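Colleague: Quick one: the structure is below, and I'll ask about it shortly.
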Amino acid sequence: MELRLIFYILDLIGVAVFAASGTLAAMASHLDLLGVMVLAAMTAIGGGTVRDLLLNRHPVFWIEDPKPLLVIVGSALFTILWVQVLPIPTDALLIADALGLALFAMSGAKVAEAQGCRALIVILMGTLTGVGGGLVRDILSAKVPLILRKDIYATAAIAGILLYILLKKAGMPPRWAFGAGLVSIVVVRLLAIQLGLRLPSF
């Protein structure tokens, strides 16, 4: 299986996980089915959409390839059915969310790189891709966005993208640098959850 296809499949898995997160947030706010679908979609593709618009990248990725929309609908319906009969698999969702964050952040960084952006913009666009959907989800759910609280979330994305850039500049092959950045985001996020690590609040 080609590496590009593997990343594409993983990206769709990330879409499914983020859509499930949006669905759970919508259900907690007692939204109707349309509200559930809107929040699921905003969570899953919101960050990438804003990134593409800021980079003047057309067509927006889900217009060019509508498969993410189908995944969002399927994930939302599956999540609704799941919570009717089984408890929410919190640990599995946290792990999948960390993987989704890493995949979205790193793929967003690659998109910005392909557009010829400088390192700082690459970090910003990658981070936005990873956390933007969750930001929209929290705003629409009337919550203080996760990235503005103490949780190490966006920080993990920033650290992973920065590591990727530094390793590339040091001469590491891009594929290996990408993998290192990806793994570092997952590890930092999961360690932060496991050990209760948080940034200082003011």
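Colleague: Condition first: hydrophobic (A, V, I, L, M, F, W, C), surrounded by fewer than 20 Cβ atoms within 10 Å (Cβ to Cβ) and in contact (Cβ under 8 Å) with a residue 24 or more places away in the chain. Now tell me which residues in the range 112-144 satisfy that. Working first, answer last.
Modeller: First, the residues of the range 112-144 that are hydrophobic (A, V, I, L, M, F, W, C): 112, 114, 117, 119-125, 128, 131, 135-136, 139-140, 142, 144.
Now narrow it down to the ones that are surrounded by fewer than 20 Cβ atoms within 10 Å (Cβ to Cβ): 114, 117, 119-121, 124, 139-140, 142, 144.
Result: 117, 119, 140, 142.
Colleague: Taking the options 52, 91, name whichever one is under 28 Å from residue 188 (Cβ atoms), over 12 Å from the mean Cα position of the chain (by Cα), surrounded by 20 or more Cβ atoms within 10 Å (Cβ to Cβ) and not hydrophobic (A, V, I, L, M, F, W, C). Reasoning before the result, please.
Modeller: Working: 91 fails: surrounded by 20 or more Cβ atoms within 10 Å (Cβ to Cβ).
It is 52.
Colleague: Considering only residues that are in contact with a helix residue (DSSP H, G or I) (Cβ under 6 Å, 6 or more places away or on another chain) and open to solvent by 40 Å² or more (accessible area, probe 1.4 Å), look in the range 145-158 and name the one that is modelled with the lowest pLDDT. Don't jump to the end; show me each part of the working.
Modeller: Step one: list which residues in the range 145-158 are in contact with a helix residue (DSSP H, G or I) (Cβ under 6 Å, 6 or more places away or on another chain), which gives 145-147, 152-154, 156-158.
Checking which are open to solvent by 40 Å² or more (accessible area, probe 1.4 Å) leaves us with 147, 158.
Numbers: 147: 54, 158: 95.
Top of the filtered list is 147.
Colleague: Return the pairs, sorted by first residue and then second, in which the second residue is not charged (D, E, K, R), the first residue lies in the range 58-72 and is outside any helix (DSSP H, G or I), the beta carbons are less than 8 Å apart, and the residues are 6+ apart or on different chains.
Modeller: Close Cβ pairs (under 8 Å, with a partner that is not charged (D, E, K, R)) amount to 60/48; 60/49; 60/53.
Colleague: Does residue 76 satisfy the condition of being over 22 Å from residue 181 (Cα atoms), free of Cβ contacts under 8 Å to residues at least 40 places away in the same chain, crowded, with 19+ Cβ neighbours inside 10 Å and small (Gly, Ala, Ser)?
Modeller: Considered against the rule, which asks whether it is over 22 Å from residue 181 (Cα atoms), free of Cβ contacts under 8 Å to residues at least 40 places away in the same chain, crowded, with 19+ Cβ neighbours inside 10 Å and small (Gly, Ala, Ser), residue 76 comes out as no.
Colleague: Check residue 36 against each of (1) open to solvent by less than 20 Å² (accessible area, probe 1.4 Å); (2) within 24 Å of residue 105 (Cβ to Cβ) and name the one condition it does not meet.
Modeller: (2)
One line per residue, one yes/no per condition, for (1) open to solvent by 40 Å² or more (accessible area, probe 1.4 Å); (2) part of a helix (DSSP H, G or I); (3) not polar (S, T, N, Q):
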{"residue": "41", "(1), (2), (3)": "no, yes, yes"}
{"residue": "84", "(1), (2), (3)": "yes, yes, no"}
{"residue": "87", "(1), (2), (3)": "yes, no, yes"}
{"residue": "100", "(1), (2), (3)": "no, yes, yes"}
{"residue": "110", "(1), (2), (3)": "yes, yes, yes"}
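Colleague: A follow-up question, please. Which of the following residues is more than 16 Å from the chain's Cα centre (by Cα) and touching a residue at least 60 places away in the same chain (Cβ under 8 Å): 20, 26?
Modeller: Values: 20 fails: more than 16 Å from the chain's Cα centre (by Cα).
Testing whether each residue is more than 16 Å from the chain's Cα centre (by Cα) and touching a residue at least 60 places away in the same chain (Cβ under 8 Å) leaves just 26.
Colleague: Could you list, in sequence order, the residues of the range 69-122 that are small (Gly, Ala, Ser) and in contact with an Asp or Glu (Cβ under 8 Å, 6 or more places away or on another chain)? Before you say what the answer is, go through the steps one by one.
Modeller: From the range 69-122, those small (Gly, Ala, Ser) are 74-76, 92, 96, 98, 100, 102, 105, 107-109, 112, 114, 116, 119; that's our starting set.
The answer is 107, and nothing else.
Colleague: Residues of the range 166-181 being surrounded by 15 or more Cβ atoms within 10 Å (Cβ to Cβ) and either closer than 20 Å to residue 100 by Cα or under 19 Å from the mean Cα position of the chain (by Cα) (or both), which ones?
Modeller: We begin by selecting, within the range 166-181, every residue surrounded by 15 or more Cβ atoms within 10 Å (Cβ to Cβ); these are 167-168, 172, 177-181.
Residues satisfying the conditions are 177, 178, 179, 180, 181.
The values are calculated or read from the model by the stated rules, or taken from the named source; none is laboratory data. Remember, it's a predicted structure, so these values are computed and weren't measured experimentally. Here the Cβ is made from the backbone with ideal geometry for all residues, glycine too, and neighbour counts use every protein chain on show. The area values use the complete protein model at the heavy-atom level, side chains included, leaving out ligands, DNA and RNA. Shrake-Rupley method; radii C 1.70, N 1.55, O 1.52, S 1.80 Å.
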